1. Placing +1 on the Cβ of each Lys and Arg and -1 on the Cβ of each Asp and Glu in the range B:282-486, which of B:SER330, B:THR468, B:SER358 has its Cα farthest towards the positive end of the resulting dipole?
2. Which Cα, out of B:ILE577, B:TYR374, B:SER182, lies furthest along the positive dipole direction of chain B (beta carbon charges, K/R +1, D/E -1)?
3. Just counting partner chain Cβ atoms within 10 Å, what average do the residues of peptide A:431-438 show around their Cβ?
4. Let me test this: with uniform point scatterers at the alpha carbons of the range B:282-486, what is the Debye-based log₁₀ I(q)/I(0) at q = 0.13, 0.18 1/Å?
5. Treat each spin label as a single point 7 Å out from the Cα along the C-beta direction, and report the B:GLU242 to A:ARG547 distance in nm.
6. Using every alpha carbon pair in chain B, what percent of pairs falls into each 10 Å bin from 0 up to the bin containing the largest distance?
7. Can you give the local net charge around B:GLU59? Use residues other than it whose beta-carbon is closer than 15 angstrom to its beta-carbon, Lys and Arg +1, Asp and Glu -1.
8. Note down the magnitude of the dipole of chain B about its Cα centre, charges +1 on Lys and Arg C-beta and -1 on Asp and Glu C-beta and zero elsewhere, to the nearest 20 debye.
Amino acid sequence: MMSKLELKEDKMLEVQFVGDDDVLNHILDREGGAKLKKERAQLLVNTKKIIKKPEYDLEEDGQEVLKDQNYVEVLGRDIQESLKNGSAADGGNKVYSFQNRKHSEKMAKLASELAKTPRKNVSLSLKNDPEIMINIPQCSKGHSASDKVQLKNSDKSEFLSTAPSGLRKRLIVPRSHSDSESEYSASNSEDDDGVAQEYEEDTDEVILNQKIPSQNRAISAPVCKETPSKKMKRDKTSDLVEEYFEAHSSSKVLTSDRTLQKLKRAKLDQQTLRNLLSKVSPSFSAELKQLNQQYEQLFHKWMLQLRLGFNIVLYGLGSKRDLLERFRTTVLQDSIHVVINGFFPGISVKSILNSITEEVLDHMGTFRSVLDQLDWIVNKFKEDSSLELFLLIHNLDSQMLRGDKSQQIIGQLSSLRNIYLMASIDHLNAPLMWDHAKQSLYNWLWYETTTYSPYTEETSYENSLLVKQSGSLPLSSLTHVLRSLTPNARGIFRLLIKYQLDNQDNPSYIGFSFQDFYQQCREAFLVNSDLTLRAQLTEFRDHKLIRTKKGTDGVEYLLIPVDSGTLNDFLEKEEEES
Amino acid sequence: MATSSVSKGCFVFKPNFKKRKISVPVEDYFNKGKNESEDSKLRFETYQLIWQQMKSETEQLQEELNKNLFDSLIEFLQKSYSGFQKNSKDWGCQIKLREIPTAALILGVNVTDHDLTFRSLTEALQNNVTPYVVSLQAKDCPDIKHFLQKLASQLTGCCVDEESKEGSTQVAQKKTHCSMDSLSSWYMNITQKTDPKMPRKKRTSSSQWQSPPVVLILKDMESFTTKVLQDFIIMSSQHLHEFPLILIFGIATSPVIIHRLLPHAVSSLLCIELFQSLSCKDHLTTVLDKLLLTTQFPFKLSEKVLQILTNIFLYHDFSIQNFIKGLQLSLLEHFYSQPLSVLCCNLPEAKRRINFLSDNQCENIRRLPSFRRYVEKQASEKQVALLTDERFLKEEIQSLLENLHAYHSNYFLVLRCLHQFTSSLPKYPLGRQIRELYCTCLEKNIWDSEEYVSALQLLRDYLLPPETQPLHEVVYFSAAHTLREHLNAAPRIALHTALNNPYYYLKNEALKSEEGCIPNVAPDICIAYKLHLECSRLINLVDWSEAFATVVTAAEKMDANFITSEERNEIIHARFIRAVSELELLGFIKPTKQKTDHVARLTWGGC
């Protein structure tokens, strides 16, 4: 026991404060006692020491601001203490760095390295898959390793030029200037920006120059040609600055030119993709379950913190949808709550507010604006403190909700005492949505919940890369709406479809001008005055079947906002039925 | 009921009415999963009590700190307003009449705290100067029309409050076109209407003037568009004689902004006076002083925790509100996770509570590191008694807590003393703010530090770091990492870690690898991520998918041979598609039209 003090008044210290000046006089004057003299000497020494040390030579405020180093140290401490917190594992400098030059064969090289990584089952795999072993020694510079992969999958190469018919139907387009051998142009047909055009010519040129029968070789060749010199240069000056400018200066993209079309792989549609993936046996399920259990133990703590005025945001790799759903079914069963799928492409703040006013508060009126509606909700919740509402938002950072206005409104809702918000974010830049003002509205507590779960629901809506837009949704809605129309109206619409399909390859097509359209409709005995046509068009527009746009010449143009593949399918179906 | 649908994105769940009425009390969530014998109920009550006290203390503090500022503001308003009153014919006054009295309020960059200041300012003005106080934010006023509408609706709103709801006509006015003329006539109306009546009680203070001025607060002056500001100022200066306006600009940066936003012709219509609010650093010092450097509240923060909170403050936002939030979270975490926090209350109450400690809690005490250290220093028979005899233990705890309390009261006294001594020394060897000194003292023996040198030996007994005190765990919250995790998270780094080093999360030996490498059995998305790091701006999807297939095929167990190789390839391709779309969702790549079948990288780190 170090301190022998007891809690009796007389043993407590008593200190009387003396003004600064008096203290200074006391220290610097000669009248001080022995102890004070000693003190003074040391203080002086101390000052000298400080003057000698350059790092203390700061401005007056310098002391105030802790050094960056300290700060990082403090924040980076206790890595071991928290197992779940990935934030501490890697320093920022690894994650935030400059763009630097990469060579196109590097990825394939890494791939083969990874493939040979010694594992328990590695010998087995090598035995059964000798190709990989062969690949490794060959993987020197100057060769595109992807070639070898191609060799391995040689059974596919014979199909190279025969793209699946479904794909061809959409993609291959008659073009005057592109020769029949070059398939590159095909998938570019929709890009009308100059870059693609320019690029396309490049490739043609390359093929002509090289004149190598194997297409793959032809494509990887330009890469090989350029690599050595660049590499030498880099070896000489491993200068960061140099690298930076090198990476940023060239507008030319050095990647191989192969396209998916040459590969046998078709774009899969959502359903096939799902079926295929369902055959994949999940790995690490024990570990994943353990992770999830850790998070489930937090459910009650989350409830507590929500009720005490914080809002909770979940981040980390993997879909958090199932976790939130379990949270909902375990603890929210008896309270009013709204689940909001931020990843749903049709979501908007308006629809969120609508479901609160109409379904939660049973209000049937309408509002002049979103802000009015917000005010109304805010007042309602302030008036009635017994009202409680939980909002669960999956993907608060989705395309549809990330806008400033939406965030402001959701933030204002969440700042209400009796609205509790639990949200998840996935995008790596999601926190940029919030400035200080919004952050203080949200009053977040952050929880890392890395689940590694696939984002099945979240990516099922978006027209993601490589996934064929099946168009089944627009197609079925087209059929449904048109079925409810009069035969004449259907005729009018069919006319528009046909015209649009005839013009689908015309990049400057902006729509069917109203006058011409009217003329054609008249000739087909579909309408008798432009008023009836206009009335019909209004109905189409209400069903979102057409879009109108004023051209530069002031003429109205009509356009069906559906891709031509779907329109073709629709026409085929119509013909079948009739 | 499912929460996924292709036709809607919002799903409302309303349990039936009876069930809903019994809403679960908050403390139930606190107690869930906790041992009954660990006083969880009492702990939650204590948390609530201390938090309420701290909260009201900070609010009061804020009020006191703002008092000086508000007083001088009110004085300015009164003074400038008296200008309106004197209908003197004197030329200087005539000139002055054209100038709108303006108070430029420099509030600092901690925008999150401004709202609170404005709220109390509005209240103070309404009590002392005029009932007509309106505040506008830039986001509500994209153009002059909205500006005037908002102003009018708030003004009429003000007077509806005052004049016992004769709202119906005024609500209609909301929609109608608003102009300075209509505002002036409204003002005429309202002042004439109220004048003949005797002022009501509420008015007494402001009724010293026949026609009180209209105060307009622009909360975030910097965000307003120049055009709106200029137009409004020119217009209102024309109407100043019939619509006595006073402006208050809320400024976060520096007063120069006024002249940058307004050309000379406009700014000359203003009669500007500057007011400086208390700097947020001083504010923090006062808050620390009142909440932590005191024995009034038993709850204390460890050095690391305090450091994290002050660092978030100094490096991120300068926001007192956030600091208090951090403090609240610390308090909650402390009571939530430390069973012995039940003793974290004032001394007499703690002594009373000791008597009711359960066996379980006594065990908890015996397990405290600080208590074990203490026991080891005792004579052996006392050691035995402490570890076996509950009654003896409780008596000992009583005295230990007393000591802890005494330690603190001396600690802060001496700390302040030392700070007084050293804060005026040249170069501030021990820091200029008391919080720096406090952090140093919490961390280590201050006299060991080079800067200190044995100058103030007498303090030695009192500034011992808290870890030396038995039972310090009861009142000190030290889980700094929890705070950092929940307040100052770094989602991007978490993503990178999860993608780059899955072993960090999935403790499977197969995933163990040396730095910078990734085993080929790792989750698909990790492999796709790792491969994409090797690419520059654009990535060829074909190359990527083949590289992915190479890795995944190698990793696949060969006993899965029962499916045909074609089907296997298809599945691998599907897995690749999934990984790529997930990376797109996460924002690492995006589709591009620059080159056929390519995607663009969006990040540059992680190499």
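1. B:SER330
2. B:SER182
3. 3
4. -0.77, -1.30
5. Reported label-point gap for B:GLU242 and A:ARG547 is 5.0 nm.
6. 3, 12, 15, 15, 17, 18, 13, 6, 2, 0, 0
7. Local net charge: -1.
8. 1680 debye
Throughout, read-outs are computed from the coordinates displayed, never taken from laboratory work. None of these values were measured; they are calculated from a predicted model. We place every Cβ from the backbone using ideal geometry, glycine too, and count neighbours over all the protein chains shown.
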